[in-house]
1. Looking at the chain, what % of the alpha carbon pairs are farther apart than 18 Å?
2. To make sure I understand, if each residue's beta carbon is the centre and we count other beta carbons within 10 Å, what order do Leu102, Leu80 fall in, fewest to most?
3. Compute the relative contact order of the stretch 2-109 as a whole-number percentage, counting only Cα pairs closer than 8 Å that sit 6 or more residues apart in sequence.
4. Going by average Cβ density within 10 Å per residue, which order do the peptides 51-58, 38-45 take, highest to lowest?
5. Report, please, the projected area of the stretch 18-75 averaged over directions, based on the convex hull of its C-alpha atoms, in nm².
6. How high is the FRET efficiency from Leu102 to Lys68, r the C-beta distance, R0 41 Å, rounded to 0.05?
7. Calculate the spin-label point distance for Ala56 paired with Thr19, positioning each point 7 Å from the Cα along the beta-carbon direction, and give it in nanometres.
Amino acid sequence: MANTIAIGYGLYYISIAPTAEETFWNRFVGLLPIIEALLFASAGFIFGKEVHREQAEKAEERANRENKRAENAVARGKVLASDISSFAIACGPQGDQRLTKLAEKANNYFPE
């Protein structure tokens, strides 16, 4: 919106330029930095918004990839916990106590 006003204002001044006096040009030269600042600010906003969107999309892709990786790790952990529990049961009460403790830990970390 501000860009449209600034461009319209600039075109108006340029259209009356042939009949303008020196005071007009002095004022016009004083307005140019303001118009320039508005245009650069709007261009920076547009390009910055585009760059931020790309960064957000990349971050979302990384998050999705890490979520899948975590789901795979949990699935493998559950399989390992099941195997350890099965082996501890197969060893029976005479089995190694460390194996029983490991089976308990595995079942605590990865409950079914």
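Only the coordinates and a few stated rules stand behind these numbers; no lab work does. Keep in mind that this is a model prediction, so the values were computed, not measured. A quick note on method: Cβ atoms are made from the backbone with ideal geometry, for glycine too, and the neighbour counts reach across all protein chains shown.
1. 72
2. Leu80, Leu102
3. 21
4. Top to bottom by mean Cβ count within 10 Å: 38-45, 51-58.
5. Quarter of the Cα hull surface area: 5.0 nm².
6. Once the sixth-power term is evaluated, E becomes 0.90.
7. The modelled label-to-label distance comes out at 5.0 nm.
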